[in-house]
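Below is one structure, written out as structure tokens, with a few remarks after it.
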Amino acid sequence: MKRILLDCDPGIDDALAIALAHGSPELEVVGITTVAGNVGLEHTTPNALSLTEFYGMDVPVAAGADRPLLRAPDTASTVHGATGLGDVVLPRAGAEPEPRHAVDFIIDTVTSSPGEISLVAVGPLTNIALALRKEPRLAEWVREFVVMGGSYTRGNLTPAAEFNIGADPEAASVVFGAPWHPVMFGLDLTHQARATAEVRERFAGLGRLQDELLGPCLDFYGSNRQYRDEGPAIHDACAVAHVIAPELFTTVPARVDVEISGRFTSGMTVTDFAPEAEHNALVATELDRRAFWDLLTDSFHGVARA
Ligand code: BDR
Ligand code: CA
């Protein structure tokens, strides 16, 4: 069983990523850290706490950075709703966040189990950059580092930048500049993971999980203009799925550099697949859609049964 630490900004697809991690018999979730992103930290942290209670998880939630390293905070509340889960209002969690800051929680968790923790980041990379600055050995001591962010073609925040990278490009630059090989799940890949009507039919029978969370969240998320035609992209679950079943994805070695100064291209992940480039990442390019949705459906049933 792999041990996963998830840094996130819930967020509707983050909520599905957490459910996937919890419902998979292949994973033990050792912690969740939150960051400002889709909505402010004042929502992402309570959302993470409420989601873990709703799913029946007993896992620490540590709050992290409430703003990017240098830039003014931006949100994606038009996509995820004013409080981050569309129209869904989960009961307020009984549990409190961890007393430690997310950055310390990440460092302590990874350094106490060198080589064992799969670190997965599915929000802006502020916490991960700060953790690397405080403890550079993080880059050596994780088992693997998987990130949802970027794109090798086009963005969604701007024509050039994907949201998680564009929201905090300086942090992303630190993260891609560290001596590890992130597996990057950019939009080119995650736009292959669409919760179409056919996919959503498979969620019938999940009881409260479907009726009170997945159904209304995906209705809201899918009504966004960018998702109306082909169905909403469940970006963040792709990164978690890679920890469980890397064989579902084609990944290609590449050089990824983050643009931080471009007037029109700030936050772009400039990706070079040339064999002679100095590769610093594995970039996901192809998804086995059927196997991906089988995995999600099975895991969601695991959550619903618990
Ligand atoms: C990413 O940005 C957020 O809106 C989603 O949760 C996902 O992590 C997609 O660009
Ligand atoms: Ca996210």
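Worth a mention:
- Percentage of interatomic Cα-Cα distances in the range 75-185 larger than 18 Å: 57
- Label-to-label distance, Asn224 versus Arg202, with points set 7 angstrom from Cα along the beta-carbon direction: 2.2 nm.
- Take every Cα pair under 8 Å whose residues are at least 6 apart in sequence, average their separation, divide by the length of the chain, and the relative contact order is 21 percent.
- Sequence-separation-based contact order of the range 66-152, relative, with Cα cut under 8 Å and 6+ spacing, percent: 28
- Calculated log₁₀ intensity ratio I(q)/I(0) where the Debye formula runs over C-alpha points of the range 1-49, q = 0.22, 0.32 Å⁻¹: -0.71, -1.18
- Sorted largest first, extent of the range 204-287 alpha carbons per principal axis (Å): 51, 36, 20
- As a proxy for reagent exposure, ranking Leu189, Leu282, Leu41 by other Cβ atoms within 10 Å from fewest up yields Leu41, Leu282, Leu189.
- Each other residue within a Cβ distance under 10 Å of Ala160 adds +1 if Lys or Arg and -1 if Asp or Glu, for a net charge of -1.
- Helical contribution to [θ] at 222 nm, DSSP H n ≥ 4, -39,500 (n - 2.57), averaged over the chain, rounded to 500: -10000 deg cm²/dmol
- Solution diffusion estimate, µm²/s, Stokes-Einstein, the range 94-142, Kirkwood Rh from C-alpha pairs, 20 °C, viscosity 1.002 mPa s: 189
- Shape of the range 34-112, Cα gyration tensor, a/c cut at 1.5: oblate
- Total formal charge among the other residues, if their Cβ is under 12 angstrom from that of Val283, Lys/Arg +1 and Asp/Glu -1: -2
- Kirkwood radius and radius of gyration were both taken over the C-alpha atoms of the range 156-306, and their ratio Rg/Rh is 1.01.
- Cα extents of the chain along the three principal axes, largest first (Å): 50, 43, 37
- Sorted from longest to shortest, the spans of the Cα atoms of the range 247-306 along the three principal axes equal 48, 28, 16 Å.
- Net charge, Glu26 excluded, C-beta distance under 15 Å - Lys, Arg +1, Asp, Glu -1: -3
- Relative contact order (percent, whole number), the range 236-306, Cα cutoff 8 Å, 6+ residue spacing: 33
- Across q = 0.16, 0.25 Å⁻¹, the range 223-267 modelled as identical point scatterers on its alpha-carbon atoms has Debye log10 I(q)/I(0) values of -0.81, -0.89, in the order of the q list.
Just so you know, all these numbers are worked out from the coordinates, no wet-lab data involved. The shown structure was predicted, so the numbers you read here are calculated from the model rather than taken from an experiment. Using ideal geometry, Cβ is built from the backbone for each residue, glycine included, and neighbour counts are taken over all protein chains shown.
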